[in-house]
Amino acid sequence: MTMPYAEGNAPLIPRPELTLAALRQAVATVVPSRLPEFFEDVQKAFVRAGDEDSVVPIRMFYREWGVIVEIERHPETARRRAGDQQRRPRRTRPCHP
């Protein structure tokens with residue numbers, strides 16, 4: 001699959017619906033290297049939903065991956081965010097004392 005091309009910071013793809021199929025297709029298109037992480041997260045969300053007898057973990061999965069796709073579908077935004085993360089120092093101890 002070839003990567004879509006967008007000039008400047010125009011979105012590579014339209015904003016997908018927050019459904020499993022739409023998000024999977026969007027991830028496969030704009031950031032295919034993260035598909036294994038996507039599938040692992042969806043599995044964890046559904047297991048957790050069953051354990052908790054709640055749909056909240058599934059909704060949180062959709063929201064989290066919706067944000068990831070929203071960033072990645074704008075190439076310039078994704079590049080800036082990646083650069084910010086590389087410059088940010090990593091914490092070596094927990095935030096709480």
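Applying the Karplus relation 6.51 cos²θ - 1.76 cosθ + 1.60 with θ = phi - 60° to region 58-71 yields 3J(HN,Hα) values of 6, 4, 5, 4, 4, 5, 4, 6, x, 5, 4, 5, 4, 5 Hz, where x marks Gly and Pro.
With a 1.4 Å probe rolled over the protein heavy atoms of all chains, the accessible area of ASP53, ASP41 falls in the order ASP53, ASP41, largest first.
Quick check: with the 1.4 Å probe, what order do ARG34, ARG15 take by accessible area, largest first?
The ranking, largest first, comes out as ARG15, ARG34.
Within the assembled protein chains, the solvent-accessible surface assigned to PHE39 is about 100 Å², based on a 1.4 Å probe.
VAL30 contributes an accessible area of around 10 Å² to the protein surface, as traced by a 1.4 Å probe with all chains present. Please list the non-local residues whose amide H lies under 5 Å from the amide H of HIS74, H modeled 1.01 Å from N, same-chain partners needing a gap of 5 or more. Correct list: LEU12.
The values are calculated or read from the model by the stated rules, or taken from the named source; none is laboratory data. Small disclaimer: the values here were computed from a predicted structure and weren't measured. Surface accessibility is based on the protein's heavy atoms, side chains included, excluding ligands, DNA and RNA. Shrake-Rupley method; radii C 1.70, N 1.55, O 1.52, S 1.80 Å.
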